[in-house]
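Read through the structure below, which is laid out as structure tokens, and then see the notes.
The values are calculated or read from the model by the stated rules, or taken from the named source; none is laboratory data. Everything numeric here is computed off the predicted structure, so don't read it as measured data. Every residue, glycine as well, gets a Cβ built from its backbone with ideal geometry; the counts of neighbours run over all protein chains shown.
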Amino acid sequence: MRKYSIGFMMLMVLAGCHSNENSDVSDGTKTEQAEEVMVHPITQHNDQLPEVIGWYDKQSLFYLLSEEDSFNVYIHNLYTGEERLFYSAEQSFYRIDASQNADYFALQFFNEENQIEMHMLDANGETAFEPKLIGDEFSVYWSPYQESEFMVVAYLPDWNQEVYHGSITDYEIEPIAVESSYFHWNTPDSIAYLEWGQVPSIEAPLKQFNIRTSTLDDWYGSGLFYANLYRERSLIVNQHDENTDELAYRFIDSEAAISSISVPVLNTFSEQWWITSFAFDGENDLFYYLKPHHSGDYVSYKEGFELLAYDVYHDTHRKLGEMKSQETLTLSADGNWLLTGEQNQQLIHTLDGQVYSVF
């Protein structure tokens with residue numbers, strides 16, 4: 001699964017194969033005309049509205065049907081309409097996170113004591129590993145190099161946190177001394193993160209922590225935002241050197257600079273900057289992101305966003321559409337689809353910008 005994703009937006013719509021005049025998304029300039037794709041929407045179950053919760057594989061979505069004390073997770077194939085039950089439990093669902101190639105899934109749910117419990121499932125929905133961890137919730141960081149390896153941040157009731165390193169195939173999980181709750185794998189043996197100090201500052205130094213040797217080193221300068229995109233490729237965001245109304249998005253491979261783009265600043269109430277939604281296709285080196293039409297205040301900004309595909313190695317842009325607002329965005333494993341919408345109710349075909357309804 002070669003992608004990275006955070007938050008996002010919307011586009012004109014084909015519901016199954018019918019246009020939706022109420023969509024928040026409009027088509028962009030198409031540089032290629034793809035054959036029309038038949039997408040089979042998810043159907044309603046006994047007056048229950050399905051909740052789409054992410055990708056199962058490159059062709060199929062997870063959706064959730066839940067009640068107060070039980071839930072069912074189904075797999076829906078977009079191309080055939082076939083469905084099957086993936087997991088069922090007599091607890092309340094919380095979230096599910098897929099590994100890099102979707103061989104494993106970290107499922108979180110509330111147990112009888114109303115605490116979050118986590119099971120590591122295989123692709124058949126069977127429990128492959130059950131970490132015995134305590135926490136109000138967990139952040140899971142799957143290794144992009146070894147499918148069964150992961151890091152977990154456990155958020156504790158006393159506002160503290162514990163970080164763990166684990167392996168499904170080795171059936172082990174151990175605490176590790178990482179002083180950050182937001183990090184990314186950047187090599188098979190290390191993670192990287194911004195080391196924010198107690199004194200407020202615009203940027204923080206980037207650090208690299210070796211999980212095998214527990215050594216901490218300076219890494220690649222500083223930034224106000226950092227994310228690993230795919231294996232050694234990373235994004236570092238800095239304040240623009242020449243224009244304070246723009247942010248500089250720098251793309252690197254290991255420690256070699258690839259390219260950079262400028263994005264208008266959207267300030268928040270805390271006078272920091274909002275990083276607009278993005279996703280990354282690692283095999284084609286395409287960075288999908290939302291670009292505001294101008295800088296401004298995030299809360300009052302109403303002018304919408306361009307949805308752009310940026311080729312980080314060829315330094316070229318392609319416009320997919322215009323978005324009214326920002327919503328979640330998740331890229332399919334083959335890079336063909338962007339899942340988006342307030343309820344994950346829309347699919348954008350990345351080749352031509354056509355939009356389809358999920359249900």
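Given the structure, is L247 modelled with pLDDT under 95, out of contact with any Gly (no Cβ under 7 Å at 6 or more places or on another chain) and surrounded by fewer than 20 Cβ atoms within 10 Å (Cβ to Cβ)?
No, not satisfied.
Among the residues that make up region 202-213, is at least one of them at pLDDT below 95, assigned to a loop (DSSP other than H, G, I, E, B) and in contact with a Leu (Cβ under 8 Å, 6 or more places away or on another chain)?
The answer is yes, given that some residue of region 202-213 is at pLDDT below 95, assigned to a loop (DSSP other than H, G, I, E, B) and in contact with a Leu (Cβ under 8 Å, 6 or more places away or on another chain).
Looking at S201, S181, which is the one that is among the hydroxyl-bearing types (S, T, Y), at negative phi and in contact with a strand residue (DSSP E or B) (Cβ under 7 Å, 6 or more places away or on another chain)?
The conditions single out S181.
Test F62 against the stated conditions and say whether it is within 21 Å of L121 (Cβ to Cβ), crowded, with 17+ Cβ neighbours inside 10 Å and in contact with a Gly (Cβ under 8 Å, 6 or more places away or on another chain).
In short, yes.
Just give me the residues in region 314-350 being aliphatic (A, V, I, L, M) and either in a strand (DSSP E or B) or surrounded by fewer than 19 Cβ atoms within 10 Å (Cβ to Cβ) (or both), in sequence order.
Selection gives L320, M323, L329, L331, L338, L339, L347, I348.
Of all the residues that make up region 158-175, how many are more than 19 Å from D136 (Cβ to Cβ) and not small (G, A, S)?
Selection size over region 158-175: 7.
Restricted to region 127-146, and to residues that are under 17 Å from the mean Cα position of the chain (by Cα) and part of a loop (DSSP other than H, G, I, E, B), which residue is surrounded by the most Cβ atoms within 10 Å (Cβ to Cβ)? If you could, list the steps in order and put the result at the bottom.
Applying the first criterion (under 17 Å from the mean Cα position of the chain (by Cα)) to region 127-146 yields 138-144.
From what is left, the residues that are part of a loop (DSSP other than H, G, I, E, B) are 143-144.
Values: S143: 19, P144: 25.
Looking at residues that are under 17 Å from the mean Cα position of the chain (by Cα) and part of a loop (DSSP other than H, G, I, E, B), I get P144.
Specify which of the listed residues (S234, S259) is small (G, A, S), farther than 28 Å from E342 by Cα and in a strand (DSSP E or B).
Result: S259 is the single residue among S234, S259 that is small (G, A, S), farther than 28 Å from E342 by Cα and in a strand (DSSP E or B).
Is at least one residue of region 120-134 without any contact (Cβ under 8 Å) to a residue 40 or more places away in the chain and either more than 20 Å from Y171 (Cα to Cα) or in contact with a Gly (Cβ under 9 Å, 6 or more places away or on another chain) (or both)?
no
For A309, work out the one condition from (1) part of a strand (DSSP E or B); (2) over 20 Å from the mean Cα position of the chain (by Cα); (3) buried (at least 19 other Cβ atoms within 10 Å of the Cβ) it doesn't fulfil.
(2)
Please go through region 147-162 and pick out each residue that is under 22 Å from T127 (Cα atoms) and part of a strand (DSSP E or B).
E149, F150, M151, V152, V153, A154
Select from region 73-82 the residues that are buried (at least 17 other Cβ atoms within 10 Å of the Cβ) and either of a type outside the set (F, W, Y) or not in a strand (DSSP E or B) (or both) and list them in ascending order.
Going residue by residue through region 73-82, those that are buried (at least 17 other Cβ atoms within 10 Å of the Cβ) are 73-76, 78.
Across region 73-82, the qualifying residues are V73, I75, H76, L78.
Among residues belonging to region 257-314 that are over 23 Å from Y230 (Cα atoms) and of a type in the set (F, W, Y), point out the one that is modelled with the lowest pLDDT.
The extreme case among them is F269.
Mind checking which residues of region 58-72 are in contact with a strand residue (DSSP E or B) (Cβ under 8 Å, 6 or more places away or on another chain), in a strand (DSSP E or B) and not hydroxyl-bearing (S, T, Y)?
Of everything in region 58-72, those that are in contact with a strand residue (DSSP E or B) (Cβ under 8 Å, 6 or more places away or on another chain), in a strand (DSSP E or B) and not hydroxyl-bearing (S, T, Y) turn out to be L61, F62, L64, L65, F71, N72.
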